[in-house]
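For reference, the structure discussed in these notes is given below.
The values are calculated or read from the model by the stated rules, or taken from the named source; none is laboratory data. Keep in mind that what you see is a predicted model, and the values were worked out from it rather than measured. Don't worry about glycine lacking a Cβ; one is built from the backbone with ideal geometry, like all the others, and counts go over all protein chains shown.
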Amino acid sequence: MSVRYGLLALLAEAPTHGYQLKTAFERRTGSSWALNIGQVYTTLQRLERDGLVEAASSGGDRRDYRITGAGRTQLEAWFATPVVPEGPSRDELTIKVLLAVAASDVDVTEVLQRQRTASVEQLQAYTRRKAQADPEKDLAFLILLDALIFRTEAEVRWLDASEARIRHVTRPRKEAAR
Amino acid sequence: MTTLVQLEGATRWFGSGHTEVVALHPTDLSVAAGELVAIMGPSGSGKTTLLSLVGGLDRPSRGRVIVAGQDVGALNPRGLAVLRRRTVGYVFQDLNLLSGLTARENVSLPLELDGRSPGEARTAAEAVLASVGLTELGDRFPDDLSGGEQQRVAIARALVGGRRIVLADEPTGALDSITGESVMRLLRAHCNEGGTGILVTHDAAHAAWADRVVFLRDGRIVDEARPAPSPEFTASASRPELATSGSDAA
Amino acid sequence: MNATSTRAVVRIARRNIGRSRWRSLLISLLVMLPVAAMLGAATIVQTVTPTPERSVTHQMGEADLLVYSAGSGATSDALRAALPSGSRVEPVRVAEGRLVLPGMEASVTLRSIDLGGLAKGMLAIVDGRPPRNPGEVAISASVASLAAVGIGDSITLKGLGSPTVVGLVEDQFDLKARVVLQDVSAAAAAAAQGQTNWLVGLPPGTDVASLDLGTDIAGPSSALFQSTSRGAATMTNAGPTPAIVLLGGLALLEAALVASAAFAVSIRRRQRELGLLAATGAEPRDLAGTVMAEGALLGGLGVLTGVIVGVGGALAVSPWLDQLTDRRNPPIGVAPPWILVAGGIGLFAALVAALVPAWTAARLPVLTALSGRRPGPAPARRTLSLGIVMIGIAIALTSSGAAMRLRDQGSMSSLLLLAGAILGTLGFGACSPWLLERLEKPAARLPLASRIALRDTARARSRNGPIVTALLASFAVTVALAAYLASQDATTAARWRPWLLPDQIFMQGEGVAHGGPEAARELGAIAAGPILGAGSADRSVWISPGDSHDPNLGIQNVTVGDGELLKALGAESATSDLLGGAVVLLAEKPTDVARVTVHVMDNQGAEVDSLTLPARVAVIGIGAGDLPGAVLSAETATRLGVSAGSSDRYVIRLGHPVTDADLARAATIAAQYPGTRADASRGPSRPGEAFRMAMLIASLLFALSVTGLAVALGEAESRPEQRTLLALGAEPRLRRRIAAARAGVIAVLAGALAVPAGLLPVWGLLSSRGAPLVVPLPEVVAALAVLPLLSMAGTLLFSRPIPDWSAFRNAAT
């Protein structure tokens, strides 16, 4: 989905050819997302098939594409539509924690801490990259890193909250006493 | 690498007998020069107690706390005060600054307390303010500064006079994330230049600026995090979501 | 504001009072103390001030008229003839008598009245019964103890035999009076000779004004009688009550100023809460309302306790009142109007104190309040201009008050001077925030503790303004009183003339006959002698220069003496003239008198004899006062047919200047005899000095407690700062130094402003009299230096150091 609209967005700025699209896309997304050139061409072909882009010229072996009116309409609609997650998360971590809570012979706190450490280590890695980035030149990259960091931070907070809930249930008297 | 802060079985309890509360069980921890360590844990886990031991605000009930070669437990109140003036710098969550003093005077305060000449203290304060990019705020009073500016002035004060150990207790707690980041960048820069920082926080994003994150629970260190290998952001990225959305498009 | 919000506002105020107990206690106390003092003083003054009815009863019993004789021929019969038929006439007599004791005599007041008749209530019989015949008397307790007698014993009265004591009598207006109550027959006997007064009971319905004898003392001088009617004697005077209201009001003004600072601190600490209230929809007047309600509640509490303490205090001292006032007082009674007045002023003061803080609370911008930051200090320029205007008006009031005094418009002028003094003090106080603002800049060069203190004080100037004003007011009063007293003393000193020679000791009283020679012996006097009045009970003597008969030029104070007395009086050079029959005149300056006429008078004031004698003027350099103006030799006195009278004056000449020790010994000897004392001429007396000292000490104590309060209030909001200082490794005593510097800043400012504020009204008052203003140096030095130093030292001593970390641990977690 995102690659399709990413290429459309780049073509909306100026007509260009496949390889340039690949490098521009990678630069825009802060090098976080390496595309292989075959994927770019397959996507361009699908876009052309759907009438969203068209060939601008075919000088030599390079074929430039440009966006069509229908393409612009679809792109604007895409930007205008918020991204909403569909239903409860089904990711592995959530499932693992839920199962650990239910299982009697697993130390949930241990599971949570292990995950927390891993998440924080991940955060540290992102933050290192952030610390090295140039706040002006690497703006897109920083915004991408923020996305990753805040998602991971949310995960840590979820872990903290889970632990607090579990403590509250297993030590209700002490909590009540406070 | 030089070890600047060393806890050896450091323990702190309050009260005695029936009312005894152990805030910190025997704890070992060492922090080297150039290292920024974050301490995370829920409320009441002993974070602030640990920090106040290193800061010479409190003495361990048992065990040793060695800060820049000095045994905190063996210092008398005056020695502790000298330690706080010359060796460590403390930053609280808020209300760090004396409202009757300008930003520059707040920064030069530890030097003045240590008996340096006003001129010397002023020069040093100006240098530190310049290094944290706050030169133009020097003549303002705390009530005229934003929260982030106040915290940065507080960090400048913790650094003034070439002190190497900065202790920060939730320094970003009252700030928004981007302002908080500017405070963390200051701490990071301090440690990159060979200083040492210990940071107490419950915010993972800010703790992640540290070289090490120590997890504290019920007065005990339960785990420690060090940075994962730097992510490469390839198509087969470590984040599953990225990979998924990428393959969707394919 | 509606009923519901009022209830909420009052509830919030009540909670606040409970939460900051010390501050609430302080504000209540500030109201309570003046209210209690005012009410207590008023109750006591009211109790000890006799009602007009009581004074009249004391003066004339139950009579309608008190009649005095005003010439010979004023007899009881003549009086009866002048009164409408059916009038009752009772003679009353007051005379001096001599109580004869072993080795000495004491003077007593002989009274003869019929306590069962019109004189009822003039004296009280407290034991035994009134005398019924000339052989009986009733005596007062002081006579009984002096003569060491009781009922059934007898006393000896000079010329009146030895009557038996049958009762104890009491003059309720003078418990120490030496009274001997005689039987009324003594008065009747005297009345027949025309030497008495009368009590008159008129038949009902008689118009006093229509009586022929005139109804008051200022009747026609030719009349035989003069009289005071009951109505005229019942005239009442205002008494000291306006002074109590004034002093109480001023004390409450001071209290209001200090309390206002306490309220300001309360606002500062509750700032965020006020912001939250506003954010929740409270209107500005609700915010002001919480502060005003707090003021009203605390003021009410203060008034309530003040009433209890004031009345309780008055009751507590009441058993000693009679002893203190030498008077039989009625039981203590509390006047409800006084409770209303004192309580009203107290409540008003609490509300005034809350007014400015309430206004601040109402104007607090919501966002600033929520941020917890201090709003920028109010611009001091406005209060400065207000202060200057007030000082200007004060000067105008003072000078117009002084001008009025010149034209003799007393009470109005006093009012203007007082208003000028109060306004001037407040005006100088209103300048203090501006001065604090000025001091903020140079503070940068000060050492740390003083810099922090000065900046904090300057930034909290809207709170410290009232404190400085309260301090300066108390000191201005001291400076003003001292300046006034010093100026008065200076005027007195300029007029002062010595009344004794430097080496003379003068003794006076009943015991001099024995005490005098004893002191002279003890002190090794070079000369001493009694000053015996020339004359006796029925003869007196006066001297006029030359042949003159003008009594205005005359010397009344004539003594009979010898060479030793002349020496004691410093006139030994005239000894031979005295022995040669001349009259020695003691004069301050040389005068040219060679002859004098000595007049001998009988006790009716008629001249029975006169003689012209040579005179010798002895210049002794001091004016005649208690010392005689003329000395006759015993021979001359005999030639004139007068004897030397009794003496209660005695003069001792030491030959060297009197030292304190000499005087103290003489005083000790005199004290062995009742009613006898010794004096020396010790330079101009400065009666103001003791009072000034007491006043200075009191105001220093007051100032110290106010600076202490100001420091405590300033410290109340510095808790996070102490935590920071602790973490930065400050020495714990730094906090003390900061506190001392705070006290110093406030005291220096108040002291410096108090000097002009205190001198201004006195200058006004004195310039109206054309008297020079004397600057009272001790008080000025105290205001400028002692007050600041003492405040700083006191604060340094009593303030607390930075606590250790455990005090902050809970707050930090």
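A few points about this structure:
- Scanning region B:125-142 for residues that are farther than 20 Å from B:Gly100 by Cα, more than 14 Å from every other protein chain (Cβ to nearest Cβ) and surrounded by fewer than 19 Cβ atoms within 10 Å (Cβ to Cβ) gives B:Ala127, B:Ala130, B:Ser131.
- Residue within region C:420-431 that is surrounded by fewer than 24 Cβ atoms within 10 Å (Cβ to Cβ), more than 19 Å from C:Gly708 (Cα to Cα), of a type outside the set (S, T, N, Q) and within 14 Å of chain B (Cβ to nearest Cβ) present: no
- A Cβ distance below 6 Å, combined with a sequence gap of six or more or placement on separate chains, defines the contacts here; from region A:44-57, residues that are in the same structural domain as A:Lys22 (by TED's automatic domain parsing) reach residues that are aliphatic (A, V, I, L, M) and part of a strand (DSSP E or B) in the pairs A:Leu47/A:Val53; A:Val53/A:Ile67.
- Flag if C:Leu39 is surrounded by fewer than 20 Cβ atoms within 10 Å (Cβ to Cβ) and modelled with pLDDT of 85 or more: no
- Among (1) under 15 Å from the mean Cα position of the chain (by Cα); (2) buried (at least 17 other Cβ atoms within 10 Å of the Cβ); (3) more than 10 Å from every other protein chain (Cβ to nearest Cβ); (4) small (Gly, Ala, Ser) - the single one B:Gly194 does not satisfy: (2)
- Some residue of region C:767-779 being touching a residue at least 40 places away in the same chain (Cβ under 8 Å), buried (at least 24 other Cβ atoms within 10 Å of the Cβ), in contact with a helix residue (DSSP H, G or I) (Cβ under 9 Å, 6 or more places away or on another chain) and part of a helix (DSSP H, G or I): yes
- Total residues in region B:197-220 satisfying the condition of being under 18 Å from A:Ala118 (Cα atoms), more than 8 Å from chain A (Cβ to nearest Cβ) and of a type in the set (Val, Ile, Thr): the figure is 2.
- Some residue of region C:797-810 being free of Cβ contacts under 8 Å to residues at least 12 places away in the same chain, under 22 Å from B:Leu83 (Cα atoms) and crowded, with 16+ Cβ neighbours inside 10 Å: yes
- Meets criteria (assigned by TED's automatic domain parsing to the domain that holds A:Ile149 and at pLDDT 85 or above) for A:Gln132: no
- Answer residue from region B:109-124, given it is closer than 23 Å to C:Gln722 by Cα and assigned to a helix (DSSP H, G or I) and is nearest to the chain's Cα centre (by Cα) among those: B:Pro110
- Taken together, the criteria place B:Arg84 among residues that are of a type in the set (D, E, K, R), within 10 Å of another protein chain (Cβ to nearest Cβ) and within 23 Å of B:Val183 (Cβ to Cβ).
- Some residue of region B:63-79 being part of a helix (DSSP H, G or I), away from chain C (no Cβ under 13 Å) and over 20 Å from the mean Cα position of the chain (by Cα): yes
- The strands (runs of 3 or more DSSP E) found wholly in region C:622-682 and carrying at least 1 residues that are more than 30 Å from C:Asp538 (Cβ to Cβ) occupy C:649-653, C:676-679.
- Any hit, region C:488-500, residues being of a type outside the set (Phe, Trp, Tyr), in contact (Cβ under 8 Å) with a residue 12 or more places away in the chain and touching a strand residue (DSSP E or B) at 6+ places or on another chain (Cβ under 7 Å): yes
- Within region B:162-183, at least one residue is under 24 Å from B:Ala81 (Cβ atoms) and in a helix (DSSP H, G or I).
- Filtered residue count, region C:126-155, keeping only those that are part of a strand (DSSP E or B) and under 29 Å from C:Gly509 (Cα atoms): 6
- Residue, nearest to the chain's Cα centre (by Cα), within region C:251-291, restricted to residues that are under 16 Å from C:Val9 (Cα atoms) and among the hydroxyl-bearing types (Ser, Thr, Tyr): C:Ser266
- Qualifying residue in region A:100-107 (condition: among the hydroxyl-bearing types (Ser, Thr, Tyr) and either at pLDDT below 80 or in contact with a Lys or Arg (Cβ under 8 Å, 6 or more places away or on another chain) (or both)): yes
- Scanning region C:454-509 for residues that are of a type in the set (A, V, I, L, M), surrounded by fewer than 24 Cβ atoms within 10 Å (Cβ to Cβ) and within 18 Å of C:Gly387 (Cα to Cα) returns a single hit, C:Ala458.
- Residue check, B:Gly44 more than 8 Å from every other protein chain (Cβ to nearest Cβ) and either surrounded by fewer than 18 Cβ atoms within 10 Å (Cβ to Cβ) or assigned to a helix (DSSP H, G or I) (or both): no
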